[in-house]
Amino acid sequence: MTAAEFVVVANRLPVDRVVSHDGEEIWRTSPGGLVAALEPVMRSVDGAWVGWAGQADLELEPFVANDLKLIPIALSEQEVAEYYEGFANDTIWPLYHDVIAPPQYHREWWDSYVTVNRRFAEAAADAVAPKGTVWVHDYQLQLVPEMVRALRPDVTIGYFHHIPFPAHGLYAQLPWRDQVLRGLLGADVIGFQRAQDATYFLAAVRRRLQYGVKGSMVDVPAETGSRPVLAKAFPISIDTSPYLELVAKPEVRARAAEIRQSLGNPKRILLGVDRLDYTKGIRHRIKAYGELLAEGRLQVEDVTLIQVASPSRERVDAYVHLRDEIELSVSRINGDTDTMGHTAIRYLHQGFPREEMVALYLAADVMLVTALRDGMNLVAKEYIASRADNRGALVLSEFTGAADELRQAIRVNPHDIEGLKDAIMTAVEMDPAEQSRRMRSLRKRVLEHDVRAWSASFLDALAAVRSRHA
Ligand code: G6P
């Protein structure tokens, strides 16, 4: 493969491997917004994407799928256990989400994280053209910016952190806290979701490494004096166009009506859509809803909660326990309140294609986003993009990045179960005029700040910082 001007590095490739009945292998572009955001850039400048195909022990040569140049990184079984399930998802993930679950610190997991980060960095350094750009994504790869810089000082390096960055009191727990900061500071621009994340990161840099920090700029000591690094919020968004196209389709609207019908046409449908993750506040949401039914503030004939919980990280203990807890409380509530014709909670431990998700968004009068901590929460933005009819109410946790932007949502502290119950009732009882007033303003925000605007503003900042020391 020829050298690429623009190289994206992310833990996952933007394609899923699908093997058909007759054994034929095809690569389907995954529906994530990141691919959509970067596709125009990748096509205009000769881009490549470095990532893992999602299966252990899969050794693949670089290949082209749907016009994207892909450079697969192989992970052994042990590396999947130690780097991905271990350090990324059982150390960093819980620590950075305010220790909602206890982070596990294991030295062999760290060693594996270093080894795998180096493999990604070497692949990126090999792939990128002279003076090209490398854009590294997310918490699985925090050491990659520094490693790429050591191998290829000529290239421009961006890093975007999709999850929260914790306050110093928590961050300080990490036995490898200084190494991780230095890893990130290999980038020219470090992007965060919220202003608060950038502030916490800059405070950690000042405190732990004693580097000079002025506003959003860090002076990183370098061989030739110092190198400026920008650390700032660039709140991510979604590609709104597929949502706008789908809601305009008569068959999608018909499917939304069919969903309502199949639930016995309740007066109100409430919806939760999450990866089955302890950060999402699914238990809190179900508890509040169950109490509203038990207290008679809601009647099972009138309401149904559809909870889509897509399977995620199923070999990590905290996720196994969470699933048991949620499934126990769902079946208790349904057992206590269901009638032959109505169910309190329709629980689906499955993922669905985007078309079905949009039908669900259209069927739902109330969208519940009750995360205890969430970098952004794109489900909230997908719901808004889908409500071209200006109907529906969004209950949104103040602990999500989205809460900084979506000011017209009904804000909640999900730890406050009474407050959450009141917020659910406000949403259930909101009249159409008020729904419309709020939804118009939410839609304006999401449609104007889509994922293209996000990637453009990050890449502009990257070019500007780099020009200061070119
Ligand atoms: C979050 C992370 C992503 C990650 C995704 C799915 O959104 O920020 O980096 O890819 O969850 O998790 P998974 O472990 O399946 O990649």
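Just to make sure I understand: if all protein chains stay in place, what is the order of E398, E405 by accessible area at 1.4 Å, largest first?
Final ranking, largest accessible area leading: E398, E405.
In whole Å, largest first, what are the principal axis extents of the Cα atoms in region 1-87?
Rounded to whole Å, the extents work out to 37, 36, 26 Å.
Could you provide, to the nearest whole Å², the per residue accessible area of the chain with probe 1.4 Å?
41
For T29, what accessible surface area do you get with a 1.4 Å probe? Give it in Å², rounded to 10.
About 50 Å², rounded to the nearest 10.
Where the centre of each part is set by its Cα atoms, how far does region 121-136 sit from region 394-460, in angstrom?
The two parts, judged by their Cα centres, are 37 Å apart.
In 10 Å bins starting at zero, report the fraction of Cα pairs in region 78-140 per bin as a rounded %.
22, 42, 25, 11, 1
Extending each Cα 7 Å along its Cβ direction at R391 and H415, get the distance between those two points in nm, one decimal.
3.7
Report the number of Lys pairs in the chain whose alpha-carbons are under 23 Å apart, with separation of 8 or more residues or on distinct chains.
Summing the qualifying lysine pairs gives 12.
Ignoring ligands, DNA and RNA, please state the percent of accessible area on region 4-161 from carbon and sulfur, probe 1.4 Å.
49
Could you check how many percent of all C-alpha pairs in region 221-309 are farther apart than 19 Å?
Of the Cα pairs, 66 percent sit more than 19 Å apart.
Determine how large the accessible area of H342 is when every protein chain is in place; take a 1.4 Å probe and give Å² rounded to the nearest 10.
Accessible surface of H342 is approximately 40 Å².
For the chain, with only Lys/Arg (+1) and Asp/Glu (-1) charged at the beta-carbon, what is the dipole magnitude about the Cα centre, in debye rounded to 20?
In debye, rounded to 20, the chain gives about 1620.
For region 237-247, what does the Karplus curve 6.51 cos²θ - 1.76 cosθ + 1.60, with θ = phi - 60°, yield as ³J(HN,Hα) per residue in whole Hz, taken in order and with x for Gly and Pro?
Result, rounded to whole Hz: 9, 10, 7, 6, 4, x, 6, 5, 5, 5, 5.
What part of the accessible area of region 241-448, given as a whole %, is carbon or sulfur when the probe is 1.4 angstrom? Provide the component values of the computation, followed by the final result.
Values: 4110 of 8630 Å².
About 48 percent, which is the carbon plus sulfur part of the accessible surface.
Would you kindly find the accessible area of E301, with a 1.4 Å probe and non-protein molecules such as ligands, DNA and RNA excluded, rounding to the nearest 10 Å²?
E301 exposes around 90 Å² with every protein chain in place.
Could you derive backbone 3J(HN,Hα) for region 417-423 from the dihedral phi with the Karplus parameters 6.51, -1.76 and 1.60 (θ = phi - 60°), listing whole Hz in sequence and x where the residue is Gly or Pro?
Karplus-based 3J(HN,Hα) across region 417-423 equals 5, 5, x, 5, 4, 5, 5 Hz.
About the Cα centre of region 241-448, what is the dipole size in debye to 20, counting +1 per Lys and Arg Cβ and -1 per Asp and Glu Cβ, all else neutral?
580
Checking the a/c ratio against 1.5 first, then a/b against b/c, what shape does the Cα gyration tensor give for region 241-448?
On the way: a/c = 1.30, a/b = 1.18, b/c = 1.10.
Rounded is the answer for region 241-448, as its axis ratio a/c remains below 1.5.
Please report the spacing between the Cα centers of region 44-117 and region 8-35 in Å, no decimals.
Taking the Cα centre of region 8-35 as reference, the centre of region 44-117 is 15 Å away.
For region 155-305, report the % of Cα-Cα distances exceeding 28 Å.
49
Given the options G212, P14, I71, identify the residue whose Cα lies farthest towards the positive end of the charge dipole of the chain (+1 on Cβ of Lys, Arg; -1 on Cβ of Asp, Glu).
G212
Between S76 and residues 5 or more places away or on another chain, which pairs have amide H atoms under 5 Å apart, with H built 1.01 Å from N, and which residues are they?
Residues meeting the amide H criterion: D57.
Each residue of region 355-360 in turn: what ³J(HN,Hα) in whole Hz from Karplus with 6.51, -1.76, 1.60 and θ = phi - 60°, glycine and Pro shown as x?
In residue order, the calculated couplings are 4, 5, 5, 5, 4, 5 Hz.
Of N265, V300, Q196, which is farthest towards the positive pole of region 184-334's charge dipole, taken about the Cα centre with +1 and -1 on the beta-carbons of Lys, Arg and Asp, Glu respectively?
So the residue furthest toward the plus end is Q196.
Using a 10 Å cut-off on Cβ atoms, rank the peptides 38-49, 229-240 from the highest mean neighbour count down. Provide the component values of the computation, followed by the final result.
Working: 38-49: 18.3, 229-240: 21.7.
The packing order, highest mean first, is 229-240, 38-49.
The values are calculated or read from the model by the stated rules, or taken from the named source; none is laboratory data. Keep in mind the model is a prediction, meaning the values are calculated, not measured. Positions of Cβ are generated from backbone atoms using ideal geometry, with glycine treated the same way; all protein chains shown enter the neighbour counts. Heavy atoms of the whole protein, side chains included, go into the accessibility calculation; ligands, DNA and RNA do not. Shrake-Rupley method; radii C 1.70, N 1.55, O 1.52, S 1.80 Å.
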